[in-house]
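Written out below as structure tokens is the structure these notes cover.
The values are calculated or read from the model by the stated rules, or taken from the named source; none is laboratory data. Quantities reported herein were computed from a predicted structural model and do not represent experimental measurements. All Cβ positions, even for glycine, are placed from backbone atoms using ideal geometry, and neighbour counts span all protein chains on display. Ligands, DNA and RNA are excluded from the accessible area calculation, which covers all protein heavy atoms including side chains. Shrake-Rupley method; radii C 1.70, N 1.55, O 1.52, S 1.80 Å.
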Amino acid sequence: MTKRSWLTGSPAAAVILPIIGLAAAIALWWLATVVFSIQPYLLPTPWDVVVKFFDQPGALLSETGTSLLETIEGFLLAIVIGVPIALLIVRSVVLERLVYPLLLMVNSIPKVAIAPLLVVWMGFGQWPKIVMVLLMCFFPIVISTAQGMKSTPTELVELMRSLNATRAQEFFKLRLRYAMPQIFTGFKVAISLAVIGAVIGEFVGATKGLGYVIQQSGASADTTLAFAAIMLLSVMSIVLFYGLVLLEHLLLPWAQEKR
Amino acid sequence: MIRLDGVGQVFDGREGRVTALEKIDLHVRGGEFVTLIGRSGCGKSTLLRLIAGLLPPTSGSVQVAEEPVTGPRRDVSFMFQRPALLPWRSVLSNVMLPVEIDKGSDRGKAAYRDRAHQLLELVGLQGFERRLPHELSGGMQQRVSLCRSLIRDPQVMLMDEPFSALDALTRTELSEELQRIKMELATTIVFVTHSIEEAVVLADRVVVLTPRPGRMREVVDIDIPRPRSLAQNAYVTEVAKISARLHALLSEKDSEDRR
Ligand SMILES: Nc1ncnc2c1ncn2[C@@H]1O[C@H](COP(=O)(O)OP(=O)(O)O)[C@@H](O)[C@H]1O
Ligand SMILES: [Mg+2]
């Protein structure tokens, strides 16, 4: 740690700076509502939103729990399906050419458009939501895993060969390990999309979850409630994202330090 | 120890066929230190990879220890221009990699661990066993790589420009260490370099290759007494004389007249 300034170097700044940024944004929001004297049904003040939450914290938290569960389940499912598919794609050019355009096509479909279809196919339970999350997360996870698996430096492959490593050893001791940072990058992109997927899923044929709350508050013009739900979604997103960052730090200390 | 008879290598590259090596007849005795020089692209790395069993020759035969080479051998180690360390492994566990990969090693793991500590001490890295590669300088990383290639007491060491990415001082130190290790272990070494001086200082014999396709232009015996050094050298004039000769051999443009 040579001549880096306090702002970029110290761990305290890494925590304080985002908080300052957040506080400034909230202050601006507040200022806007006051200066332009905006009606609460158009844009509530931050304070209104906080009050709204504490009106019924239990109910809102339980809705958050529902969305959180769907998000995590869909995300894990995307990992369980996406990572092996990526590994297969990397192994075989034929498979890559066969599957890649298909993946691209599925990914390019506007997910909102198929939300009602999922309900038709899977009913009103949590499955259409989980599948929606899966659809959102799947692509970045496959892409980054495939990319990571292709990024092994040739000299390391040659080293393993010169040591007479088996295919399995080369895979587990080298390629997969080397791909981990890139796989994690995919996870971090996917987790934010996962939350969006859960909300889209809950917009259609749902009876609970934060997406459902937002939908309902729209119908009853309760903008403040919608904002409270949105805030909870943001918090959920942030917590999930930084949870992954923390996990990466613990599992791949060697990758962090490289920067 | 190493025997090449009429070895040729032709690659089917994208821009047609490339004859990398042609009519290579080389016999390296046990315990001998042979350096290999030639212009870049003349097939030096290819020659090492043939001896290492990483590549089957398109013509001729390659033998190590009186046996035809069919694949990488346990008693042959390869060292690359770059350290090729696994970034998530500590120094010690990088050195232990060959032992870990080849489960059928003759000694117990504990014995190898002792040997690893011994080797790390030999190259001045005691106390760094738990460090990760990125915490070390380039020279230190290459020392780790050297320890790794020594861990199984190889009969033959193949070294592909191992010091070329290092600063002059580190390179001088390492070439002295290598000579010491070689004297102690009586290893047979084939060492590729593009530094003429390094080739002279290290070698018992220098093999000069012609540019594309690589053929053997000349084999030069070096009779200067050891230990030799790139730094303070009691035999400056001898080294200079041979270097000048090698330089002339390398810059001769005609490769046809020596067929
Ligand atoms: N795997 C390969 N496929 C096609 N051509 C290759 C391959 N490896 C090496 N070559 C070609 O063979 C020649 C010798 O390469 P190399 O042995 O790396 O040279 P050097 O190590 O002396 O610089 C070069 O022309 C190179 O382009
Ligand atoms: Mg080379």
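A compact table of results
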{"item": "Whole-percent carbon and sulfur share, accessible surface of the protein assembly as shown, 1.4 Å", "result": "62"}
{"item": "Spin-label proximity, B:Arg29 to region B:173-188 - amide N less than 18 Å from point 7 Å beyond Cα toward beta carbon", "result": "B:182-188"}
{"item": "Test item: Cα-centred dipole of the protein assembly as shown, Lys/Arg +1 and Asp/Glu -1 on Cβ, debye", "result": "280"}
{"item": "In nm, spacing of pseudo-spin labels at A:Ile20 and A:Ala168 (7 Å Cα→C-beta vector)", "result": "5.4"}
{"item": "Test item: Cα-centred dipole of region B:83-153, Lys/Arg +1 and Asp/Glu -1 on Cβ, debye", "result": "100"}
{"item": "Acute angle (nearest 10 degrees) that the helix A:210-219 long axis makes with the longest principal axis of chain A, alpha-carbon atoms", "result": "30"}
{"item": "Residue mean of other protein chain beta carbons inside 10 Å, B:81-93", "result": "4"}
{"item": "Computed E for B:Glu177/B:Thr19 - FRET, C-beta separation, R0 30 angstrom, nearest 0.05", "result": "0.25"}
{"item": "Å² per residue, accessible surface of chain B at 1.4 Å", "result": "44"}
{"item": "Solvent-accessible area buried by pairing A with B, both sides, nearest 100 square angstrom, 1.4 angstrom probe", "result": "1900"}
{"item": "Computed [θ] at 222 nm, helices only, for chain A once each DSSP H run of length n ≥ 4 contributes -39500 (n - 2.57)", "result": "-27000 deg cm²/dmol"}
{"item": "Zero-based 20 Å bins, Cα pair distances in the protein assembly as shown, whole percents", "result": "18, 38, 25, 16, 3"}
{"item": "Among A:Leu22, A:Leu176, A:Leu135, residue whose mean-square fluctuation peaks in a GNM of chain A (springs only between Cα atoms under 10 Å)", "result": "A:Leu22"}
{"item": "Accessible area, probe 1.4 Å, largest first, for residues B:Tyr112, A:Tyr178", "result": "A:Tyr178, B:Tyr112"}
{"item": "Label-to-label distance, nm, for residues given as A:Asn107 and B:Phe11 (7 Å Cα→Cβ offset)", "result": "3.2"}
{"item": "Given charges at Cβ of Lys, Arg, Asp, Glu: region B:11-97 dipole, positive-most of B:Leu86, B:Val18, B:Leu97", "result": "B:Leu86"}
{"item": "Cα Rg, Dmax, chain A, angstrom units", "result": "22.3, 74"}
{"item": "Rh (Kirkwood; distinct C-alpha pairs) - chain B, Å", "result": "19.0"}
{"item": "Karplus 3J(HN,Hα) series, Hz, for region B:189-194 with 6.51 cos²θ - 1.76 cosθ + 1.60 (x for Gly, Pro)", "result": "10, 10, 10, 8, 8, 10"}
{"item": "Sparse-neighbour loop sites [GluC sites (Glu not before Pro); region B:12-59; at most 13 other C-beta within 10 Å; DSSP]", "result": "B:Glu15"}
{"item": "Nearest-0.05 FRET efficiency for A:Leu31 and A:Thr207, computed from C-beta distance (R0 41 Å)", "result": "0.60"}
{"item": "Values of log10 I(q)/I(0), in the order q = 0.15, 0.16, 0.17, 0.26 Å⁻¹, for region B:83-153 under a Debye, Cα-only, solvent-free model", "result": "-0.40, -0.46, -0.52, -1.19"}
{"item": "Heavy atoms of B:His117 accessible to a 1.4 Å probe, total area in Å² rounded to 10", "result": "70"}
{"item": "Cα long-axis angle, helix A:11-35 against chain A (0 to 90 degrees, to the nearest 10)", "result": "30"}
{"item": "Degrees between helix A:127-150 axis and first principal axis of chain A (Cα, 0 to 90, nearest 10)", "result": "40"}
{"item": "Region B:85-204 - Rg (one decimal) and Dmax (whole number), Cα, Å", "result": "14.1, 41"}
{"item": "Rg in Å to one decimal, and Dmax rounded to a whole Å, for region A:66-131 via C-alpha atoms", "result": "14.2, 41"}
{"item": "Computed E for A:Val245/A:Tyr41 - FRET, C-beta separation, R0 35 angstrom, nearest 0.05", "result": "0.40"}
{"item": "Per-residue [θ]222 nm for chain B (sum of -39500 (n - 2.57) over DSSP H runs n ≥ 4, rounded to 500)", "result": "-10000 deg cm²/dmol"}
{"item": "Per DSSP, loop trypsin sites (Lys or Arg not before Pro) in region B:1-59 with at most 13 further Cβ within 10 Å", "result": "B:Arg14, B:Arg29"}
{"item": "Label-to-label distance, nm, for residues given as B:His134 and A:Ser62 (7 Å Cα→Cβ offset)", "result": "4.6"}
